[in-house]
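Just passing along the structure, written as structure tokens.
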Amino acid sequence: MRVLFINPAMRSYVRSPTLPLGLVSIATWLNANGHTAKIVDRSIKRYNISRVIKEFSPDIVGVSVISNKGIDDAVKVSAEVKRHGLKVVWGGTLPSSVPKTVLRSGCVDIVSVGEGEATWLDLLNALSNGSPLESVDGLQFLRDGEIVATKERSFIDLTTLPPSDWSLVDVPEYFQTYYDRKKVLFLYSSKGCPGSCTFCFNHSFHRSTRRRRSLQAVIEEIRRLVDGYGMDGVYFADELWAVNKDEMYDFCSLLKDSGLNIHWGLQSRVGVFDAEDFRKMYEAGCRWIFFGVESGCPEMLKKLKKGIRLQRVDTDLNACADAGIVSVAAFIIGLPGETRAQIRETVQFALGLHATQWQFSLFMPFPGSEIYNSLVAKKLIVPPSSLRGLGRIRPTEQVFHNFSEATDLELKIIRSFFMWKCFVMKKLSKDIKKYGFAKKMIKDAVKNLWHRGTLHFFASFFNAAHMFLSSFFYAHFFPSVKRKYGLK
């Protein structure tokens, strides 16, 4: 069968697009098993979907929806596909969390729940053979007006997947600037996380399970992208890059032995590595690490089921600095039940850290997370009943639901203060030139203006300018609020 996969455009987005890793993996798997798959990415180019359909003649169309920001365009292209009489399948973290809302929209026939490689292969084989959809694990669909959910899909063994076919996308279009690197791509070496943080979708989507790819396969993938496209850096998109020192040392040794001259970064957990480990990682090319701290208040950390010790945070950040690695300490504010005193405690904790940078996100109850389910059960939030309602939500960037004592304005001021603090930071590490973060942000914004096409240039420009000016405004004014939280 012929399958067209669509990655929808993101609304009002100033960051550079990242590789649609899930779609590339699924399409590669299908092509290796006798089907023909094609990917069009509207975050790169506003493809005319009707024209693509006429030229490619697909039998079925899949749309990847990872976040709320892609919903508007996903609905638009799905409606266009339906006008051609084709079935539409949505997949990704968002539709997997709210399949009923998606199916009742009228523009989607099937939802692929969870990761899609095995599900899509079974689905295409079932459609080819005339088998019922009920025979395919990992699906939800409408049957006579009622939603049918098939058996939960077992996880695929990641080591059985073939090397990704990068000819399916225009790889250079996804290059990003990251500190001292100009051609960075997002890749992954594992899926899932063993944690059960109450704010995260991992528990429902990955069932708190982490699975690794073959490290040798990851190294070879990096080599193909370096040799074929000139990639000079990797940001590992894993929810948790390594769970222990053995795994880290194996990867670093393989990468050093490969002779590949790249810099890379990752997401890690406080308390996994020590000073010697960070030095080993630096020697293998690691230059930045994102740590999810989430709160500087022990009581809130307990509610979040984060499972880290605050006493260890600065130890790790100092060790990163000594090794020459940029550290990013990430926090969430506006959590349910969070008092002003607890938010101030987090702010003061963050200011006292030897972090290179800080990231403050505004709390957003993600569908499928424990906090979200609790808020729904308490009737404190009403789940959006339509895709339009879901599309209005801007996770982490604006206050959508505020269940803390702080006002919306106070939360915006805190977030903007730390954003501006990062933007004007002159020196990040010994390897990175002055104002490395500011240069990255500016280059991303400029590049993204043109990705959305001429008609959307001014809207994109306005959005980027608004983000910059509003951050400056909230960060530099409101002295009484800044004093209240000790922002200096």
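222 nm [θ] for the chain, helices only, -39500 (n - 2.57) per DSSP H run of 4+, per residue, to 500?
Numbers: 19 runs with 202 residues, N = 488.
Roughly -12500 deg cm²/dmol at 222 nm, from the helical runs in the chain.
If you average the C-alpha positions of the range 1-77 and of the range 218-293 separately, how far apart do those two centres end up, in angstrom?
Using only Cα atoms, the two centres lie 29 Å from each other.
OK, next. Could you please state, rounded to a whole Å, how far the C-alpha centre of the range 313-375 is from the C-alpha centre of the range 90-140?
Result: 36 Å between the Cα centres.
Now a separate question. Suppose every Lys and Arg Cβ carries +1 and every Asp and Glu Cβ carries -1, with no other charges. What dipole size does the chain come out with about its Cα centre, to the nearest 20 debye? Show your work: numbers first, answer last.
Numbers: 66 positive and 48 negative charges, 364 e Å.
So the magnitude is around 1740 debye.
Considering the Cα trace of the range 1-72, what is its radius of gyration and what is Dmax, both in angstroms?
Gyration radius and largest Cα-Cα distance of the range 1-72: 12.5, 38 Å.
Still on this model: Can you classify the range 21-153 as rounded, prolate or oblate using the Cα gyration tensor, where a ≥ b ≥ c are the square roots of its eigenvalues, rounded means a/c under 1.5, and otherwise it's prolate if a/b beats b/c and oblate if not?
Because its axes are fairly even, with a/c under 1.5, the range 21-153 counts as rounded.
Also, quick follow-up: To the nearest 20 debye, what is the magnitude of the charge dipole of the range 12-131 about its Cα centre, counting +1 on the Cβ of each Lys and Arg and -1 on the Cβ of each Asp and Glu? Don't jump to the answer; show the numbers that get you there.
Details: 14 positive and 10 negative charges, 103 e Å.
The dipole of the range 12-131 has a size of about 500 debye.
Rank by packing, highest mean first: peptides 89-98, 240-249, with packing defined as the count of other Cβ atoms within 10 Å averaged across residues. Spell out each step's value before the answer.
Numbers: 89-98: 24.3, 240-249: 17.1.
Result, highest mean first: 89-98, 240-249.
Can you find, among Pro162, Gly368, Val481, the residue farthest towards the positive end of the dipole of the chain? Put +1 on the C-beta of Lys and Arg, -1 on that of Asp and Glu.
The Cα lying farthest towards the positive end belongs to Val481.
Quick note: the coordinates plus some simple rules give every number you see, no bench work behind them. Keep in mind it's a predicted model, so treat the numbers as computed, not measured. Cβ coordinates were reconstructed from backbone atoms using ideal geometry, including for glycine residues, and neighbour counts include every protein chain displayed.
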